[in-house]
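Down below is the structure, laid out as structure tokens.
Each reported figure results from applying straightforward, stated rules to the coordinates on display, with no laboratory input. Everything numeric here is computed off the predicted structure, so don't read it as measured data. Every residue, glycine among them, receives a Cβ derived from its backbone with ideal geometry; neighbour counts consider all protein chains shown.
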């Protein structure tokens, strides 16, 4: 019996080695839209909001952009996935990183990380954001009282994605386990045009990794919504209230 048990253990160990190291995948969790407000720009009214994405996975989400020379306007993207043995796997991503110049910042953006939409309660699309991209980083501790396996004691991704450096040929950005990346209302692209939207009840939906271009352990928590009431005052000013 002891010899049989030993044989089983040996076979199990061999099978485990043959399987190779485990990939420590991130888990991107979309937070519900918050801090809804309206503001006017010229003849248009905009619905603004705060958005946030947290990483609840076993490993960080790490993206690396590269381009061959300064004549290329965009960088190709690879996702770097850490493994349990300390090695890293590299996977090409169907996306781009581009240097974006705007009023609030100038750095390298990963395009289409998140999408924002305005919907009717029945799910009919009425409008979407004009966001150009994202600089991923450890902007806040997602749950200060809870420490995830693999969560660093201090933020790791605190860089500015090559701020003010359009000449760069390579850039990395990411979100560590246990940390989140958020964007305040009105920040470049954090709004949807509601100028011609009548009073009523609507839904704002935020989604991360919409096309599943990024590898993660769970795609079921990539979307979140908030329902709100829109009303127009006699002076033509919109008011929103979350319900």
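Using bins of 10 Å that start at zero, the share of Cα-Cα pairs per bin across the chain amounts to 7, 27, 29, 20, 10, 4, 2, 1, 0, in whole %. Taking 0.36 nm per residue of separation and subtracting the current Cα-Cα distance, fully stretching the chain between residue 199 and residue 38 would add 56.6 nm. The ellipsoid that matches the Cα gyration tensor of the stretch 122-243 has semi-axes, each √(5λ) in whole angstrom, of 33, 19, 15, with the longest given first. Among 172, 207, 68, the largest mean-square fluctuation in a Gaussian network model of the chain (Cα springs under 10 Å) belongs to 68.
Peptide packing for 110-120, 232-242, 52-62, 140-150 was compared via the average number of neighbouring C-beta atoms within 10 Å per residue; ordered from the highest value, the list is 52-62, 110-120, 140-150, 232-242.
Measure nothing but the geometry: give the 0 to 90° angle between the long axis through the Cα atoms of 2-19 and the longest principal axis through the Cα atoms of the chain, rounded to 10°. Approximately 40 degrees, to the nearest ten. Computed from the C-beta positions of residue 219 and residue 91, the FRET efficiency with R₀ = 25 Å rounds to 0.95. When the helices of the chain are scored as -39500 (n - 2.57) per DSSP H run of n ≥ 4 and the total is divided over every residue, the value at 222 nm lands at -2500 deg cm²/dmol. Once both labels are positioned 7 Å from their Cα atoms along Cα-to-Cβ, the gap between residue 101 and residue 231 label points is 4.5 nm. Extension gain for the segment residue 145 to residue 124, taken as residue separation times 0.36 nm less the Cα-Cα distance, is 3.7 nm to one decimal. The label point for residue 184 and the one for residue 163, both projected 7 Å from the Cα toward the Cβ, are 1.3 nm apart.
Give me the percent relative contact order of the stretch 24-242, please, defined on Cα pairs under 8 angstrom at least 6 residues apart.
29 percent
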